[in-house]
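The structure appears right after this line, and notes come after that.
The values are calculated or read from the model by the stated rules, or taken from the named source; none is laboratory data. Just so we're clear, the structure is a prediction, and the values are computed from it rather than from any experiment. Cβ placement follows ideal geometry from the backbone for every residue including glycine, while neighbour counts extend to all protein chains displayed.
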Amino acid sequence: MPPEILDPPSGSAAIDLDLAIADLDWTLIPDGAHASRFAAPSGSLAVIEAGVPGHPRVVLVPGVTGSKEDFFLMLPLLTAAGFHVLAYDMAGQYESALSGPELLSPPRKHYDHDLFVDDLIAILTSIPGPAHVLGYSFAGTVAQLAFVRRPDLFLSLTLLSAPPEPGQGFRGVKRIGWFSGLTTGRIGAALMIWGVKENFTHVPPGRLAFVRQRFDLTRRSSVADIIRLMKHAPDVRPQLLASGIPKLVAVGEHDLWPLSLHQDLATGIGARLTVYSTGHSPCETAPHQLVRDLLELYASGPK
């Protein structure tokens, strides 16, 4: 049975709700959600699920150094709208740290695009029927590649703070783009982890404590390999543009990449663009506004 799409809060109401978000303990699973493991091609992935199985699915995929917890504020909002929501830690990240290329058949030495795409496709095919898919940051690239390979598995595609350019994806990053091509994946990973730990983005104490704790598990080699992959992103914009599924590019106005590049991406794939008064992580800082726009996107697709 399709869910009843709730009337989303107005623009000002959603903004007020987001501004009222207090600091929290990000290790606490939201009410009604449950944790499990999923046997993916790369190994055992940590999963969080909420909502009624059998309702239309939403699959949320976090990016490099991220985790399923990045979507904790969104889960209750999406389940309240009648969706069955699943988020997972990508291979090598946080509680999926032991999953990796050495577990593939045959084994490989490095994390690559196919590893992450195959894991996502395995998640999507584990339950019959297509799903709404959101890829956050690097996972936006993964979601695009999975769509090109298996468009039948997608009801919609949302790219949240995703790298907006193919190829050397860091070249357009504000302030550091000009020298990003000179660094190796290992150096780039070290710089990223250092910057997050030093809290240059000024996240609240509860969030910072969780992020630092998360790095105790995240596998450094996976971060280094993903940084390398982000410098060699395939260009699948023509395939996305040719698709008729609903598409959304969602981003904070203070994102790592300039808004002009995200606008170019949205235009190039035939997507709507939404911009929030926040940074790289609207899922944490603007969840009510983001879910409002997701519900509108989902309602615009096939009934």
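Residue 245 passes every criterion in (1) part of a helix (DSSP H, G or I); (2) touching a residue at least 40 places away in the same chain (Cβ under 8 Å) apart from (1). Among the candidates 244, 301, the residue that is modelled with pLDDT under 95, more than 26 Å from residue 65 (Cα to Cα), in contact with a Pro (Cβ under 6 Å, 6 or more places away or on another chain) and surrounded by fewer than 22 Cβ atoms within 10 Å (Cβ to Cβ) is uniquely 301.
Just the residues that are among the hydrophobic types (A, V, I, L, M, F, W, C) and either surrounded by fewer than 21 Cβ atoms within 10 Å (Cβ to Cβ) or within 19 Å of residue 272 (Cα to Cα) (or both), please, taken from segment 125-144. Residues satisfying the conditions are 127, 131, 133, 134, 139, 143.
Pairing residues of segment 19-32 that are over 15 Å from residue 282 (Cα atoms) and touching a residue at least 60 places away in the same chain (Cβ under 8 Å) with residues that are in a loop (DSSP other than H, G, I, E, B) and among the aromatic types (Phe, Trp, Tyr), at Cβ distances under 7 Å and at least 6 apart in sequence or on separate chains, gives 26/72. Out of all the residues in segment 67-79, is one or more at pLDDT 95 or above and assigned to a strand (DSSP E or B)? No, segment 67-79 contains no residue that is at pLDDT 95 or above and assigned to a strand (DSSP E or B).
Checking each residue in segment 66-119 for being polar (S, T, N, Q) and buried (at least 21 other Cβ atoms within 10 Å of the Cβ) picks out 67, 79, 93, 96, 99. Condition (residue is surrounded by fewer than 18 Cβ atoms within 10 Å (Cβ to Cβ), more than 16 Å from the chain's Cα centre (by Cα) and modelled with pLDDT under 90) applied to segment 220-235: is it met by at least one residue? Checking segment 220-235: not a single residue is surrounded by fewer than 18 Cβ atoms within 10 Å (Cβ to Cβ), more than 16 Å from the chain's Cα centre (by Cα) and modelled with pLDDT under 90. Filtered by the rule that a residue be surrounded by 16 or more Cβ atoms within 10 Å (Cβ to Cβ), in contact with a Leu (Cβ under 7 Å, 6 or more places away or on another chain) and among the charged types (D, E, K, R), segment 247-272 gives a lone residue, 247.
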